[in-house]
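Taken together, the values in this text are just the output of simple stated rules run on the coordinates, not laboratory data. Just so you know, these numbers come straight off a predicted model, no measurement behind them.
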Amino acid sequence: MNLVFFGPPGAGKGTQAKRLVSKLGIPQVSTGEIMRAELKSGSDLGARFESFMSLGKLVPDELVLELIKKRLEADDAANGVIFDGFPRTVGQAKALDGIFGDLNRTLDRVVVLDVPEEDIVERISGRRIAVDGGQEYHIRYNPPPAGVDVKQRADDNEETARKRYQDYKGITEPVLEYYAATGTVVERIVGTGSLDEVSARIETAIGE
Ligand code: AMP
């Protein structure tokens, strides 16, 4: 099964994708996580993402598509993937259709997690990540246990969160019109509530 988890930054796409990975036996493909790993590794490729990411700007399509093509070649992606944070532009969505066409694969479903802007800003500004292991916490809703060392993503502040949300509305949301026009199934679900509630809605939406 090939799925796209869609929605504003901080909607819970990554968290929910991780919850489904073992159930479906397919990997989560998060362009943001791949880029952060490249940045951390100090690679030349990573250096090309840095200026965009630190300002909360979208990375140019050609760079993103290079990463996606490479990721889809890995053995673990052969039976399907859960894209999280990709596609983010109509250009990326069209390119993904082209890549999938060449590979004889189809995109089964796009699941949209709807979360209002004020919730997004609060979720993003309170998000913390464990230095070891990358487990995500929220200072108010899911505080890190005592002794767990956490850090904040460089782009997780209020100003950047609002910028990322605006780009979502202006640049990313139109991808849904493209999918409506091309007949890809789009399921909208309410992305607020407990993690279990959202997981249950997603499982219903994908027929699991
Ligand atoms: P995320 O982890 O999905 O919130 O992504 C973090 C940042 O990585 C974004 O604000 C962008 O700068 C960049 N990024 C991640 N995925 C994409 C994408 N599909 N297209 C363009 N930029 C992206």
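Which of rounded, prolate, oblate describes the chain, given a ≥ b ≥ c as roots of the alpha-carbon gyration tensor eigenvalues and a/c under 1.5 marking rounded, otherwise prolate only if a/b is larger than b/c?
Because its axes are fairly even, with a/c under 1.5, the chain counts as rounded.
Take the Cα radius of gyration of segment 19-92 and divide it by 2.2 N^0.38 Å, with N its residue count; two decimals is plenty.
1.13
Could you pull out every one of the lysines with an alpha carbon less than 25 Å from that of residue 94, ignoring same-chain neighbours closer than 8 positions?
Output for residue 94: 13, 57, 69, 70, 163, 169.
Quick query: amide H of residue 138 versus all other amide H atoms, modeled in the peptide plane; which residues come in under 5 Å with a sequence gap of 5 or more or a different chain?
128
What residues qualify as long-range amide H neighbours of residue 6, i.e. H under 5 Å apart, gap of 5 or more or another chain, H built at 1.01 Å from N?
111, 112, 113
Restricting everything to alpha-carbon atoms, can you work out Rg to Rh for segment 145-200 with a Kirkwood hydrodynamic radius?
1.12
State the Kirkwood hydrodynamic radius of segment 46-161 in Å, one decimal place, computed from all pairs of distinct Cα atoms.
For segment 46-161, inverting the mean 1/r across all distinct Cα pairs yields 16.7 Å.
Calculated from DSSP H runs of 4 or more alone, at -39500 (n - 2.57) each and per residue, what is the 222 nm mean residue ellipticity of the chain, nearest 500?
One gets -14500 deg cm²/dmol as the mean residue ellipticity at 222 nm.
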